[in-house]
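Report on the following structure.
The values are calculated or read from the model by the stated rules, or taken from the named source; none is laboratory data. Quick caveat, the model's predicted, so the values are computed rather than measured. Here Cβ is always computed from backbone atoms with ideal geometry, including for glycine, and neighbour counts include all displayed protein chains. To get the accessible areas, we keep the full protein, side chains included, count just its heavy atoms, and leave off ligands, DNA and RNA. Shrake-Rupley method; radii C 1.70, N 1.55, O 1.52, S 1.80 Å.
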Amino acid sequence: MSVLVQPLTEPNPLQDSLRFARRVPPCAIVIFGASGDLSKRKLLPSLYRLFYERRISQNFAVIGSSRTPMSDEQFRERMKESVSKFLEDAPFDEDIWKSFAQCLFYVAGDLSEEDSYERLRTKLDAVEKSHQTAGNVLFYLSTQPSYYAEAIKKLGAHQLQKGNGWRRVIIEKPFGHDLESARLLNEEIHQVLDENDVYRIDHYLGKETVQNILAFRFGNGIFEPLWNRRYVDNVQITAAESIGVEGRGGYYQEAGALRDMIQNHLSQVMATVAMEPPTIFDAANVRDERAKLLRAVRVVKPDDVSKYAVAGQYGPANVGGQNLLGFRQEPSVTSDAQTDTYAAVTFFIDNWRWADVPFYIRTGKRMPKRVTDIAIQFNAPPLGLFSQETKGGLREARPNLLVLRIQPEEGISLRFLSKSPGSGMRVRPVSMDFNYGSSFGERTPTAYETLLVDAMAGDATLYTRQDMVDASWQIVQPILDVWGNSKFDFPNYAAGTWGPKASDEMLARQGHVWRVP
Amino acid sequence: MSTTIIFPAQPEQILKGLSKLWTSLGEEEKQQGKPTVLRACAMTLIVATDEADAGFAASQTISELMHEHPARGIVLAVSKEAENDLQARVLAQCWKPFGKAQQICCEQIEITAKPGSWQNAAPTLAGLTAADLPVIFWCRHHGALKKDAIETDKAGLDAIAKLATKLIIDTSGMETAEGMDLLTKWQSEGKLVADLEWTRLTPWREPIAHIFDNPARENTIKAFHTLEIEHIEEKPPMQALYLAGWLSAPYKAKVQFRRAAGFGRGIQRVSFRSDAEAIEFERTSAECVTLWSTNGRERKYSFGEASVTALMTEELAVAGFDQAFTGALERARELAA
């Protein structure tokens, strides 16, 4: 999957790609918002893990920056606490931590203050010498989104966007809160940075099983011939969470499910499932194809929004003997909130391959279980030889279903009809399963480990590009506009159910039903 | 879950035993009304042991390897205690991944051979390999690997080697020249080969290679003209020869071996020098290797004696031609000579 985009100047004759981890050049990583949750829970544990597994260069350093005044030593102590607490499926080794901690530094500062950037420059110069980071710097904006533009502008004003080596910037989601703000942010970024140096992170794309979609589609010869409107009846993408807003009510009330999941993660997953094969497997070609696909998605007219999109919000319910709050009863949420905690959209892709095939995407909180998967429903055979044996609805009429499971039971399964043992021709659906865990028992890297290594190596394949972000905002913007001017009769689904009735009706109009994942 | 003894150990009988085993696992599913067992197989792994290897728990090791490399495991054990010339039993190795409802099961066949029957095992094995998948032969039959092995043992080894896509041995207990000759011979026959003594070097090799990743570094590997390796054993062990072979292969640096005290077995310290810089990797405790450099760098790496399961796990993941190993072996032969 990973591609070394920038070869080092002279090949290292001691490298052994069969056994060693991929080569990553020396660099310093500057984390803005270093005392925040993301740094503590994901970034530092991922970097420690990469260090532990010798997957990053010996010449590397991390410079944390945030408003909290701290010394290097205090920062190391705090990060030690976080890493030992949030490290996933991996041991914490005191000796290795000591070596890792020598690479951690801290600069206190406010992103809006000029002095902060000068202090950062001094620190960067120092680690470039002490840790031989070759002048390469990866900036990670893990701050509130409202600081993105200002931070980048100031990096430019202090000439930190260029130096002896490469300079790259990782930007966390959300990238804008609508099409207009995303475009404005892009403009501001491009005044300082080239698009090639901007890495917009979408951690969904870093998941092993999402990357496996590409391997499955383009590494095998038998699926692509079926991967089109002649054989596919519809595609369903589900990202369900059993939890509620978990203390993030304030943020979530402003965001909603469509913005939080469909505009970014799930539209990128749809693009991965439906894109054309790239001619070469590199960042530019893969991203070209994803962007092309997103541009081919039909933009729904405002009058048709109610036909092709459904908003939902969960109400209180008793699930398994536990009383669950409705969204409007959650802390920091207003009692008349119009937020969508559930969103379902029918997309059509107007290209030669997918014309008229509906792509149904749904996501929601407080659903019966946590599951993310993609189901490709194939057409029924042309002649129903065994139709008398497959009465009972649409599912049986179209027996072939390919499910790409992203989480939690990562894998792929194919459903087909098989003859039941005994006399007579009775058939029943059976499932052929590939379980990712059973075939590759080793620990899989977390999405952040994958994406951090990619950014250091200059491989942007799994990062979203400006045109991809723009296209994905374009397809959800009309829905956001209509919903923003609507008054919903919320709540319209009970916690612990698969969403509002209107969502089922949306599929029924096309002759389809939601599958139960 | 296992079957009773199958004798004679004919492939058809053994495969029938396997089939019965899966049927009974399926019955269990039927009773529970949901899928409880998942069958997995990515290769055939044949492990041959001899009487000197009696303490080795082959079945247990295979069951541990299955977690990352699901395989049809075949243990071929030579034992004087065997009741018949060749007899077999089949069993399923199952485990439940953490948090999952389904068990994953792999097939295992245990074949016991009387010492004189080892050379007859190959035809049975030929009928038992999983179709269309690689066959890995891990030979722990030390008697058959020796230069002066008796003819029947040699013949048995050659016959099984012919079935294999990849051959794995561990030369740590062998004469260095003997091990290298055998590996070179198999390579010349077009086989993929591996030596667990080489696999043990990955925790040394990877950090050493990383030093030279930095394009800004002034002293490239070309500048290092002297290499010194310290080891516990009286004579340089195979792993020291491999490391020297690998490190000196690109530029033919001058190599010195030295005996030293330290931890465990094998290599204790590696140092290489250029006119401007010296770099040392030293085992500073049983669990740690420390890097020192005259330019002021110091870094610690976790280092433990890898278990045989860990070594095999790494080796089974290497499916193709191992260029680094081949180069190191070639140069190690020159150094040993």
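Values for this structure:
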| item | result |
| --- | --- |
| Links that overshoot a 27 Å alpha carbon limit, given the list A:Lys162/A:Lys207; B:Lys114/B:Lys146; A:Lys85/A:Lys162; A:Lys98/A:Lys154; B:Lys20/B:Lys162 | A:Lys162/A:Lys207; A:Lys85/A:Lys162; A:Lys98/A:Lys154; B:Lys20/B:Lys162 |
| Coarse-grained scattering of region A:426-517 at q = 0.20, 0.21, 0.22 Å⁻¹, given as base-10 log I(q)/I(0) from a Debye sum over alpha-carbon atoms | -1.07, -1.09, -1.11 |
| Chain B, helix-only ellipticity at 222 nm - DSSP H runs n ≥ 4, -39,500 (n - 2.57), divided by all residues, nearest 500 | -10000 deg cm²/dmol |
| Assigned charges on the beta-carbon of Lys, Arg, Asp, Glu; the protein assembly as shown dipole about Cα centre (debye) | 1440 debye |
| Convex hull of region A:295-371 built on C-alpha atoms - directionally averaged projected area, nm² | 7.4 nm² |
| Inter-label distance for B:Thr294 and A:Leu414, nm, one decimal - labels placed 7 Å from Cα along Cα-to-Cβ | 6.2 nm |
| Accessible area buried between chains A and B, both sides summed, probe 1.4 Å, in Å² to nearest 100 | 3700 Å² |
| Dipole magnitude of chain B, debye to nearest 20 (Cβ charges: Lys/Arg +1, Asp/Glu -1, about Cα centre) | 500 debye |
| Probe 1.4 Å - accessible area at A:Phe105, Å² to nearest ten | 30 Å² |
| Å³ per residue enclosed by the Cα convex hull of region A:232-380 | 145 Å³ |
| Of all DSSP beta bridges in the protein assembly as shown, antiparallel share, percent nearest 5 | 55 percent |
| Proximal aspartates and glutamates relative to A:Lys301, as straight alpha-carbon distance under 14 Å, when same-chain residues fewer than 8 apart are discounted | A:Asp481 |
| Calculated diffusion of chain A, Stokes-Einstein form, Kirkwood radius summed over Cα pairs, 25 °C and 0.890 mPa s, µm²/s | 99 µm²/s |
| Most fluctuating residue given options B:Gly262, B:Gly17, B:Gly320, as computed from a GNM of chain B linking Cα atoms under 10 Å | B:Gly320 |
| A:Ala21-A:Val430 pseudo-label distance in nm [points 7 Å out on the Cα-to-Cβ vector] | 4.3 nm |
| For A:Glu94, solvent-accessible area (1.4 Å; no DNA, RNA or ligand), Å² | 80 Å² |
| J(HN,Hα) series, region B:252-263, from Karplus relation 6.51 cos²θ - 1.76 cosθ + 1.60, nearest Hz, glycine and proline x | 6, 5, 6, 10, 10, 10, 8, 7, 8, 7, x, 10 |
| Among A:Gln102, A:Ile56, A:Ser71 - extreme Cα towards positive end, dipole of region A:11-107, charges at beta-carbon | A:Ile56 |
| B:Ala130-A:Ala502 FRET efficiency (beta carbon distance; Förster radius 60 Å; 0.05 resolution) | 0.75 |
| Rounded percent of accessible protein surface that carbon and sulfur make up, chain A, 1.4 Å probe | 51 percent |
| Within-15-Å neighbourhood charge of A:Ser39 [Cβ basis; K, R +1; D, E -1] | +4 |
| For region A:12-146: rounded, prolate or oblate by the Cα gyration tensor [a/c cutoff 1.5] | oblate |
| Unpaired by the 4.7 Å Cβ criterion, cysteines found in chain B | B:Cys41, B:Cys106, B:Cys139, B:Cys288 |
| Separation in nanometres of the label points that stand 7 Å from Cα toward Cβ, at B:Ala317 and A:Trp352 | 4.1 nm |
| Net charge contributed by nearby residues that have their C-beta within less than 14 Å of A:Trp498 (K/R +1, D/E -1) | +3 |
| At q = 0.06, 0.08, 0.13, 0.16 Å⁻¹, base-10 log of I(q)/I(0) for chain B (Debye sum, equal scatterers on each alpha carbon) | -0.26, -0.46, -1.00, -1.30 |
| Diffusion coefficient, µm² s⁻¹, Stokes-Einstein with Kirkwood Rh over alpha-carbon pairs of region A:155-215 at 20 °C and 1.002 mPa s | 159 µm²/s |
| Volume per residue that the Cα convex hull of region A:161-308 spans, once the total is divided by residue count, Å³ | 181 Å³ |
| Scaled radius of gyration (Cα, divided by 2.2 N^0.38 Å) that region B:70-181 gives | 1.21 |
| Protein accessible area in region B:126-196, 1.4 Å probe - carbon and sulfur % | 54 percent |
| Residue-level accessible surface for A:Ser335, protein heavy atoms, 1.4 Å, Å² | 100 Å² |
| Relative contact order (percent, whole number), chain A, Cα cutoff 8 Å, 6+ residue spacing | 18 percent |
| 20 Å Cα-Cα reach of B:Lys185 towards aspartates and glutamates, excluding residues that sit fewer than 8 places from it in its own chain | B:Asp148, B:Glu151, B:Asp153, B:Asp158, B:Asp170, B:Glu175, B:Asp195, B:Glu197, B:Glu315, B:Asp322, B:Glu330, B:Glu334 |
| Computed helical MRE - 222 nm, chain A, DSSP H runs ≥ 4 contributing -39500 (n - 2.57), nearest 500 | -9000 deg cm²/dmol |
| For B:Ala9, distant residues with modelled amide H under 5 Å away | B:Leu86 |
| Heavy-atom accessible area per residue - the protein assembly as shown, 1.4 Å, Å² | 42 Å² |
| Efficiency of FRET between B:Lys185 and A:His158 - r from beta-carbon atoms, R0 60 angstrom, step 0.05 | 0.40 |
| Three principal axis lengths of region B:180-306 [C-alpha, angstrom, descending] | 46, 31, 24 |
| Whether region B:238-311 is rounded, prolate or oblate, judged on the alpha carbon gyration tensor where a/c under 1.5 counts as rounded | oblate |
| Projected-area average for region A:98-186 over all orientations - Cα convex hull basis, square nanometres | 6.4 nm² |
| Potential extension, A:Val516-A:Ser71 segment - 0.36 nm per residue separation minus Cα distance | 155.0 nm |
